[in-house]
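Novice: Here's a structure for you.
Every number in this text was worked out from the coordinates using simple rules, so none of it is lab data. Computed from a prediction, not measured in an experiment: that's the story for all the values here. Reconstructed Cβ throughout: ideal geometry from the backbone, glycine too, with neighbour counts over all protein chains shown.
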Amino acid sequence: MENDKMPLIEHLGELRKMITISLVSLIITFLIAFNFSEEIFSFIMFPLKYSLYFSASSPFIHVMPQAKLPHDMKLVFLAPAEAFWMNMKVALVAGLFLASPIIFHQLWKFISPGLLSREKKYVLPFVFSATVLFLTGALFCFFIVLPFAMEFLLTYKVGDILMPMLSVGQYVDFCLKFILGFGAVFELPIAIIFATRTGLVTPKTLAKNRKYAVLTAFILAAILTPTPDVFNQTLMAVPIIVLYEIGILVSRMFVKGKTVNANQ
């Protein structure tokens, strides 16, 4: 009985170690980011002031001022401590992005004891791909989705009666929820790979149900996208579909490699 309890105790010890190292790294990066919270706050105002426009000729990407929003729009705070807490929140999320490689590495160390010895060599590709996908999703949301959302929501039926006046708390919460949500959604290929490696699904099943994945992607886009037009919904749905296909492709490679090793 004592021998049966040891693996569980060791597993809980590893979990505590993972959480401790992740929290310490997050606290350190938070303190670093808090010293630059004002600069980060100025940067997070981008969706209110600018939009990215794409063209077929060079330069392919243009940064243009928001056409329908006032260029001098400022945020207000409605409580004495609201501005302070929003600086704290922005610094915390910035610290989370900075600490994400360490957090993903600790996550890998936590799950690696359940993997085969030949699978443990994928630690660097896992940490790198998880970090890049998370940051890519966040940047895609920040530079593509949020400017469209702000332009639509802050100009919808605005006239002599209605005037946009955003509080810093509402604006920051709105942006951070979308940014973190997109960062999580872009981890879809890694989730698919783990699901196929653990035998929950197979690449063949995923490919066979591709039409349901496409439908689900557009349903999620319709729910998550704050604008009702098809263009913005497609802007969110297409990356999800592409990530789904990437997940199937990479999982096929892993399953094929596993079969070859088993035959050997």
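Novice: Highest first, please rank the peptides 96-107, 190-201 by the mean number of other Cβ atoms sitting within 10 Å of their residues.
Specialist: 96-107, 190-201
Novice: Looking at region 131-165, which chymotrypsin sites (Phe, Trp or Tyr not before Pro) are in a loop (DSSP not H, G, I, E or B) and have at most 14 other Cβ atoms within 10 Å? Don't skip to the answer; put the middle values down first.
Specialist: Details: sites: Phe134, Phe140, Phe142, Phe143, Phe148, Phe152, Tyr156; in loops: Tyr156.
Counting only loop positions with at most 14 other Cβ atoms within 10 Å, the chymotrypsin sites (Phe, Trp or Tyr not before Pro) in region 131-165 are Tyr156.
Novice: OK, next. Would you mind computing, in nm to one decimal, how far apart the modelled labels at Val201 and Met88 are, each placed 7 Å from Cα along Cα→Cβ?
Specialist: 4.0 nm
Novice: For Val76, which sequence-distant residues (separation of 5 or more, or a different chain) have an amide H within less than 5 Å of its own amide H, given hydrogens modelled in the peptide plane?
Specialist: Leu166, Ser167, Val168
Novice: At Ile32 and Ser167, where each label point lies 7 Å from the Cα along Cα→Cβ, what is the point-to-point distance in nanometres?
Specialist: 3.3 nm
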